[in-house]
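Below: the structure, in structure tokens.
All of the numbers you see were taken from the coordinates with simple rules; none came from a lab. Model, not experiment: these values are computed from the prediction. Here Cβ is always computed from backbone atoms with ideal geometry, including for glycine, and neighbour counts include all displayed protein chains.
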Amino acid sequence: MGAFIILLYLLPTVILFSYSCAQLSLVWNYWFKKSAADTLQSAVSGLQVPGYRSEITINSQQLAPLVTIQLPIYNERYVIERLIEAVIAFDYPKELLEIQVLDDSTDETVELAASKIAFYQSQGFQIQHIQRPNREGFKAGALAYGLTISQGEFVAIFDADFVPTPDFLQKTLPYFTEEHVGVVQTRWGHLNESYSLITQLQAFGLDGHFVVEQGGRNAGGHFINFNGTAGIWRKSCIADAGGWAADTLTEDLDLSYRAQMRGWQFVYLENVVTPAELPATMPALKSQQYRWMKGAAECARKNLVNVFQTKNIKLSTKIHATFHLLNSGVFVVVFLMALVSLPTLLIIHQFPQYAYLLGIFRIFQGSFILLFVFYGTVHYDRKSVVQLVWQLPFFLIVIMGLSLHNSVAALEGYLGKKTPFVRTPKWGIVKDQDGWQRKNYLVKSLNPITVIELFLALYFALGVGLGIYWHSYQMLMLHTMLTLGYGFVVFFSVKHSIG
């Protein structure tokens, strides 16, 4: 029995090491395969949108494509005006912009949006205030509804917390000169990275995805994903892939895979940055994480078998797609390892002969080294070594603290349990002195999971105490990180829930 429990602890360690190796291969792609892609992007970036000049004439306007801008919103009173103004400022002929404000709101956002839209309509902009009779399908439903009445050849999408730059279309549209390109995705920037420790750590993790994961997969010719916003689709690609579907919480990842399985190519632009507002509170972050983790699991359930059954996809791409789609399962593995770690400590203390099993698998703890290489690649030109050294452990600590919450989301997705789409609240927080405490959309009640997280913090603190008392230090660092992680998550869950 003792050996079984120890092996149950070590199995997740092996899985995490395998995942880290997959991440390392993306680092390899990023450094050694990216140069060709960069050369192509440099060449394309020098192009102009066909027929477009700042002094454009009526005849030449017809050479530039009509672009539909979709802005799906739901109760965004603090950021809707900022979003509309950013899109209106696009450096593109307004006669060739069709702006759809897809408004499912039930609060004063409706009046704020209507006022802005009426003003810009009077200035000659083609901007529509589109309100559906119901919120069926949530964001996916809103996007699909807008497409049925859209005229643009290309469709750019921006969530409410984004502030695209005026040259967005100038930097993205030239890549569609290749007919097989279905999507151009830009990198997310961060409007409020320095606001708090929570936003700094989010930026740290997101940069890992947008630099090495997206960049590495794209450079290696593997599947990437449209990130739901800050990108532009060829409208015919959406139709060919079957259109937006609301049967997962991550409609963007789902449609991305269906399109790429149909042979469409996605282009990722690391050097084109579209800034956005990061969630400023722990409940808001948890809401976002829940949707992303569960949605990814739902997409794996829906699409992974199809990926392997599609004959024109190379094996290496199928392997990377497996790690990509099963990404949220990492939290299940981390949680299982953490939960079994304390019984493992007790067994090793009572039966020292089992200690050799941990020694055999010690090599797999090299995952931490591989993660340092991964995030070192992300931040080598943005942060000092000192910043990287303290932010990486802090990031891992908080990820461990979220492992129960995200495991529940992932398991619900794998098991097919359906839940409604829950938006992440935005408060227009950009400056360090901006506040959220007295604004709408705050979650004032504690999720029952927070109570379990508190007990887990105490559980792992017991592991720290026993390790010190018994002079058994094999798991002391792990239990310390878990204690700090769950303590951090519980503290800010409570603090931000009571305002």
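Could you put LYS94, LYS444, LYS426, LYS294 in order, starting from the residue whose Cβ has the fewest other Cβ atoms within 10 Å?
Ranking LYS94, LYS444, LYS426, LYS294 by Cβ neighbours within 10 Å, fewest first, gives LYS444, LYS94, LYS294, LYS426.
Please turn the phi angles of the range 107-112 into ³J(HN,Hα) values with the Karplus equation 6.51 cos²θ - 1.76 cosθ + 1.60 (θ = phi - 60°), one per residue in order, whole Hz, x for glycine and proline.
Karplus-based 3J(HN,Hα) across the range 107-112 equals 10, 5, 3, 4, 5, 5 Hz.
Taking other Cβ within 10 Å of each residue's Cβ, how do SER18, SER122, SER25 sort, fewest first?
SER122, SER18, SER25
Estimate the FRET efficiency between LEU63 and TYR473 by the formula 1/(1 + (r/R0)^6), using the beta-carbon distance for r and 56 Å for R0, to the nearest 0.05.
0.20
Work from the charge dipole of the chain (Cβ charges, +1 for Lys and Arg, -1 for Asp and Glu, about the Cα centre) and give the residue of PRO174, TYR375, ALA113 farthest towards its positive end.
Highest projection toward the positive end goes to TYR375.
In a shell of Cβ-Cβ distance under 12 Å around GLY263, excluding GLY263 itself, what net charge do Lys and Arg (+1) and Asp and Glu (-1) give?
Neighbour charge sum, excluding GLY263 itself: +1.
Which ³J(HN,Hα) values, rounded to whole Hz and listed in residue order, are derived for the range 215-228 from phi using the Karplus coefficients 6.51, -1.76 and 1.60 in 6.51 cos²θ - 1.76 cosθ + 1.60 with θ = phi - 60°, glycine and proline given as x?
x, x, 5, 5, 5, x, x, 9, 5, 10, 10, 5, 8, x
Considering only the other residues whose Cβ falls under 9 Å of the Cβ of THR68, what net charge follows from Lys and Arg at +1 and Asp and Glu at -1?
That works out to -1.
Report, by chain and number, residues whose modeled amide H sits under 5 Å from the one on GLN128, excluding near sequence neighbours (fewer than 5 apart, same chain).
ILE99, GLN100, VAL101
Taking a cut-off of 18 Å between Cα atoms, list the lysines near LYS302, but don't count ones fewer than 8 places away on the same chain.
Partners found: LYS294, LYS311, LYS318, LYS417, LYS418.
All other residues with a Cβ under 14 Å from the Cβ of ASN227 taken together, and with Lys, Arg as +1 and Asp, Glu as -1, what is their net charge?
That sum, taken over residues with Cβ under 14 Å, equals -4.
For VAL183, VAL451, VAL307, what ranking results if the residue with the fewest other Cβ atoms within 10 Å of its Cβ goes first?
Least crowded to most crowded, the residues run VAL451, VAL307, VAL183.
Need the C-alpha centroid separation for the range 180-248 versus the range 309-361, integer Å.
The range 180-248 and the range 309-361 have Cα centres spaced 27 Å from each other.
Please report, in debye to the nearest 20, how large the charge dipole of the chain is about its Cα centre when each Lys and Arg carries +1 at its beta carbon and each Asp and Glu carries -1 there.
Charge dipole of the chain: 1140 debye, to the nearest 20.
Using the Karplus curve 6.51 cos²θ - 1.76 cosθ + 1.60 with θ = phi - 60°, what ³J(HN,Hα) values do you get for each residue of the range 249-263, in whole Hz, with x for Gly and Pro?
3J(HN,Hα) across the range 249-263, in whole Hz: 7, 10, 4, 5, 5, 4, 5, 4, 5, 5, 5, 6, 5, 7, x.
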